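Q: Submitted below is the structure of interest, expressed as structure tokens.
The values are calculated or read from the model by the stated rules, or taken from the named source; none is laboratory data. In this text the structure is predicted, and so the values were computed from the model without any measurement. Note that each Cβ is placed from the backbone with ideal geometry, even for glycine, and that neighbours are counted across all protein chains shown. Note: areas computed on protein heavy atoms with side chains; ligands, DNA, RNA excluded. Shrake-Rupley method; radii C 1.70, N 1.55, O 1.52, S 1.80 Å.
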Amino acid sequence: GAHLEELPSVVEVKGETGRLLPVRERAQYLFQDVDADEPISNERKPDQRALFDILDEVDQQEESWERSFTALGGETTLDRVHQAMLLFTSGRQAALKRFLKEDGHGKSDRFWRLAQALSALYPRNTDEKRWVDGVLSQKKGLGL
């Protein structure tokens with residue numbers, strides 16, 4: 001029942017072909033309060049730098065936790081899992097803890113079920129698999 005052409009932040013449609021966007025390609029949408037100068041590339045090292053630049057800009061623009069994270073792009077559970085994955089990979093443990101515990105996203109059973117499903121679906125030895133597993137590892141330590 002989904003209309004893929006209406007989900008440009010999740011799926012890229014070109015003609016008769018659609019592809020799910022990788023997490024790092026969704027970073028600008030997920031942190032849309034940020035103006036990134038360059039699009040995120042497909043090369044690993046420049047891509048990682050671009051991702052860190054986006055999240056560094058979030059840090060610089062952040063006046064308070066509420067302003068920063070209520071202004072995030074997206075509203076779906078998938079968006080929240082992807083945001084947590086990006087916070088995890090960028091090493092922002094304090095922000096991830098606030099996002100999951102204090103902001104309440106980690107209190108949702110739906111969040112954890114989706115994260116577990118993504119972990120099972122992502123191929124081994126991929127960045128996304130490591131990132132979602134890293135988020136999943138936070139659950140017990142945070143008492144969620």
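Q: To the nearest 0.05, what FRET efficiency results for residue 129 and residue 5 with a Förster distance of 25 Å applied to their C-beta separation? Can you show the working numbers first?
A: Values: r = 29 Å, r/R0 = 1.14.
According to the calculation, E is roughly 0.30.
Q: Which distance in nm do the two modelled labels at residue 102 and residue 75 give, with both placed 7 Å along the Cα-to-Cβ direction?
A: 2.5 nm
Q: Rolling a 1.4 angstrom probe over the protein chains, ignoring ligands and nucleic acids, what is the accessible area of residue 105 in square angstrom, nearest 10?
A: Counting only protein heavy atoms, the figure is 40 Å².
Q: Hey, another quick one. Please tell me which of these pairs span more than 26 angstrom C-alpha to C-alpha: 14/97; 107/129; 14/139?
A: Values: 14/97 38 Å; 107/129 22 Å; 14/139 38 Å.
Checking Cα-Cα distances, 14/97; 14/139 exceed 26 Å.
Q: Same structure, new question: Once label points are set 7 Å from the Cα along Cα→Cβ at both residue 94 and residue 19, what is their separation, rounded to one decimal in nm?
A: It is 3.8 nm.
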